[in-house]
Amino acid sequence: MLTLVGAVVLIVCWYSVSGDYTFDDQKTSLNLAILAVVPANLAGAALLITGRRAVGMRRTRLLCDMPQRTRRTSASTADRDLPVAIAVLIGGSGLTHYHRMGCQMALGRDWPEAPRHTHEQEGRRPCGVCRP
């Protein structure tokens, strides 16, 4: 709605200055046109914030339903904080990504552990969530 109001005010201002040839005659309409940009930008910002909130809520719904992590004897509890060189990386055959042991996308999966170079040789890429 604010975008529509801003657009209408801009069109009216453009029409009112189109016949005036001196700056003094155009000042009022130009100032009003500048003020009309503010609600249009506020509408765009509100739309962006609403979209980001919806994406965040959707991501939370998707990732919170993941099963809880089952403990493996070879995994450290601080796997997420380990440097990539010594972190436990898991991935299965036919997958396109490999993950850290504690990644939300890999919880509850019984995938084999392997070093990074093995995953990369098999054509897997790092996960975008845990970023191993």
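The values are calculated or read from the model by the stated rules, or taken from the named source; none is laboratory data. Just so we're clear, the structure is a prediction, and the values are computed from it rather than from any experiment. Heads up, the Cβs are rebuilt from the backbone with ideal geometry, glycines too, and the neighbour counts pull from every protein chain shown. In case anyone asks, the SASA skips ligands and DNA or RNA and just uses the protein heavy atoms, side chains included. Shrake-Rupley method; radii C 1.70, N 1.55, O 1.52, S 1.80 Å.
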Practice problem: Could you list all residues from segment 116-132 that are open to solvent by 60 Å² or more (accessible area, probe 1.4 Å) and out of contact with any strand residue (DSSP E or B) (no Cβ under 7 Å at 6 or more places or on another chain)? | Solution: 117, 120, 121, 122, 129, 131
Exercise. Would you check which residues across segment 1-44 are exposed (fewer than 11 other Cβ atoms within 10 Å of the Cβ) and in contact (Cβ under 8 Å) with a residue 12 or more places away in the chain and list them?
Key: 1
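Test residue 56 against the stated conditions and say whether it is closer than 30 Å to residue 108 by Cβ and either open to solvent by less than 80 Å² (accessible area, probe 1.4 Å) or in a helix (DSSP H, G or I) (or both).
yes
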Quiz item: How many of the residues in segment 98-114 are open to solvent by less than 60 Å² (accessible area, probe 1.4 Å) and under 27 Å from the mean Cα position of the chain (by Cα)?
Solution: 9
Practice problem: Take residue 50 and decide whether it is among the β-branched types (Val, Ile, Thr), under 16 Å from residue 2 (Cβ atoms) and modelled with pLDDT of 80 or more. | Solution: yes
Quiz item: Given the structure, is residue 62 at pLDDT below 85 and loosely packed, with under 15 Cβ neighbours inside 10 Å?
Solution: yes
